[in-house]
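The values are calculated or read from the model by the stated rules, or taken from the named source; none is laboratory data. The shown structure was predicted, so the numbers you read here are calculated from the model rather than taken from an experiment. Here Cβ is always computed from backbone atoms with ideal geometry, including for glycine, and neighbour counts include all displayed protein chains.
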Amino acid sequence: MEEKIVILGNGFDLRHFLPTSYNHLISILCEIEKLPEDKESVSFSDLFDGVFKEKNEWFYNQINEYYRTENFIFNLEEIKSIQNRLLDNSWFQYFKSVDKNKIETWIDFETEIERILVATLQYFESFSKDEFFKKPTYTFLKSGAGYYIPYTDYNQFFKSKLQALLLNSFKLISSQRGYWRINENYILTLEDEIQYYKEKDFFNFIYQSLEEFVGIFNDYILNIINAFNGNLVEEKKEGFTNREGKYLFQQVKTIFSFNYTNTFDNFYGFKQRSESEQLKMIVDLHISKKESVKIEFLHGSYVENWKKDSDKLKIVLGVDDIHESLKKHKLFQFTKYFQKLHKQTDYLFLKDFEATNRTKNQNRYIFYFWGHSLDYSDRQYIREVFNLVANSDGSKIKIFYHSISAKGDQLKNLLGIIEKEIIEKFMKDKIIEFIESTSENLFEEL
């Protein structure tokens, strides 16, 4: 028996012109942050006609072509709630400053989270062990008595100016009239001299701030992305979500998603289909209205009605693993694997398929990667797919790509995860195949 399994990445959402990339998120959040206090309603143009359009003009035009944006209704109370939380969230303020000042390359969450953790730990260790770095002194200034570091002498206290700016972003230090002032909530002092930093307290603070940002991200999906639901222009559906009475995913029973959105259900779920299509699914696939296609969210998904209780959030947003220097400080809460266990999102992945294979050894699987970069951070999942395919006669891997350059990037990423001899053998034996994600190819395969 042949079974088709689809693994979705962010490119799937982008194919539906949903603003879910990092750049989109920060652009819209910046617009929300600066909305006037007396704003009585929020329209599509209020959020999308400024920075978003400037940075993503083609994407902006596609949204307006495919969606009835005049029908978008944003809940003013919820938008104001996001705005209030943005103003005091350290992670958002940091992400925004990186985006604005173009520090190094295009930001991604994992790189920047690790950058903050490493820079902070280096500062703590320099303070404790490095005799070449001075310690802040207790000083009386107009802004009040405290522990200060002059801007002009930053190289005597920090490894770099960037390190100081990072610490300032997360309120370990604050900028005040030519000085940085140490946050006394995170130091223990004796006779006007700093004895040590309360490292655990500080890392707990930035993790809580990260969880608060996850809450903002959750509500961005809930209130901004979900406004797209039901507003796809009717004339665009033919050839996009359905074609000649057929829907994408008609041949698929299982989907694994790295996304946090519910795009599949909103565009292809059972309730989105015609009565005749629903009947066909029941007869041909032997499914009920409740079952439809099984979808698992590998990094969690947004939740409704979480009432600002971060313990109820299910989005996993962290680093693949922490630097060795961080492990002795047990900063595992910043890792995806800790969060998956803690938030009880799906972390078994292909275990059911592997068990079936061991007992029956008769299933053939076709794995489709759609909108996924095959990045190294997801190597655990990719290796599991390759291992299962290698041990299942007739099984295959098919990778959708949207451009030749994207295909090259996917192949390079894959070679960084799987031994080149295996890749070469799989391609020679046509076990692995790259397919352009044209509408024709998508409907033919899925």
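Every residue, every condition in (1) surrounded by fewer than 16 Cβ atoms within 10 Å (Cβ to Cβ); (2) at pLDDT 95 or above; (3) in the same structural domain as Asn168 (by TED's automatic domain parsing); (4) within 19 Å of the chain's Cα centre (by Cα), yes or no:
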residue: Phe48; (1), (2), (3), (4): no, yes, no, no
residue: Tyr60; (1), (2), (3), (4): no, yes, no, no
residue: Tyr67; (1), (2), (3), (4): no, yes, no, no
residue: Ile73; (1), (2), (3), (4): yes, no, no, no
residue: Lys102; (1), (2), (3), (4): yes, no, yes, no
residue: Thr105; (1), (2), (3), (4): yes, no, yes, yes
residue: Ile113; (1), (2), (3), (4): no, no, yes, yes
residue: Leu117; (1), (2), (3), (4): no, no, yes, yes
residue: Glu125; (1), (2), (3), (4): yes, no, yes, no
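Give Glu65, Glu40, Glu78, Glu31 a once-over and let me know the one that is in a helix (DSSP H, G or I), without any contact (Cβ under 8 Å) to a residue 60 or more places away in the chain and over 19 Å from Ser169 (Cα atoms).
Just one listed residue meets the conditions, Glu31.
For region 368-389, which residues satisfy the criterion of being more than 20 Å from the chain's Cα centre (by Cα) and more than 15 Å from Lys351 (Cα to Cα)?
Within region 368-389, Tyr368 is the sole residue that qualifies.
Quick check: is even one residue across region 409-419 of a type in the set (S, T, N, Q), farther than 23 Å from Asp13 by Cα and in the same structural domain as Lys253 (by TED's automatic domain parsing)?
Taking every residue of region 409-419 in turn, none turns out to be of a type in the set (S, T, N, Q), farther than 23 Å from Asp13 by Cα and in the same structural domain as Lys253 (by TED's automatic domain parsing).
Which one of the conditions (1) farther than 24 Å from Asp13 by Cα; (2) surrounded by fewer than 19 Cβ atoms within 10 Å (Cβ to Cβ); (3) not hydrophobic (A, V, I, L, M, F, W, C) does Ser395 fail to meet, given that it meets all the rest?
Here Ser395 meets the rest and fails (2).
Phe240 - would you say it is in a loop (DSSP other than H, G, I, E, B) and either among the hydrophobic types (A, V, I, L, M, F, W, C) or surrounded by 18 or more Cβ atoms within 10 Å (Cβ to Cβ) (or both)?
yes
Give the residues of region 180-191 that are β-branched (Val, Ile, Thr) and either closer than 17 Å to Gln163 by Cα or touching a residue at least 60 places away in the same chain (Cβ under 8 Å) (or both), sorted by residue number.
Listed by number, the list holds a single entry, Ile182.
Mind listing just one residue for me: the one in region 140-169 that is of a type in the set (Ser, Thr, Tyr), free of Cβ contacts under 8 Å to residues at least 60 places away in the same chain and in a helix (DSSP H, G or I) and, of those, surrounded by the fewest Cβ atoms within 10 Å (Cβ to Cβ)?
Residue satisfying both the conditions and the ranking: Thr152.
Among the numbered criteria (1) within 28 Å of Lys336 (Cα to Cα); (2) not in a helix (DSSP H, G or I), which one does Phe133 miss?
Condition not satisfied by Phe133: (1).
When you scan region 167-220, how many residues do you find that are within 13 Å of Thr120 (Cα to Cα) and of a type in the set (A, V, I, L, M)?
Total meeting the criteria: 4.
Of the residues that make up region 275-282, is at least one of a type in the set (Ser, Thr, Tyr), modelled with pLDDT of 80 or more and assigned to a helix (DSSP H, G or I)?
No: zero hits.
Could you look through region 14-46, keep only residues that are hydroxyl-bearing (Ser, Thr, Tyr) and within 19 Å of Asn231 (Cβ to Cβ), and pick out the one that is surrounded by the most Cβ atoms within 10 Å (Cβ to Cβ)?
Step by step, filter region 14-46, then rank; the result is Thr20.
Failed condition for Ile194, given (1) surrounded by 12 or more Cβ atoms within 10 Å (Cβ to Cβ); (2) without any contact (Cβ under 8 Å) to a residue 40 or more places away in the chain; (3) assigned to a strand (DSSP E or B), with all others met?
(2)
Taking region 243-258, which residues are of a type in the set (S, T, N, Q) and closer than 7 Å to Leu446 by Cα?
Gln250, Gln251
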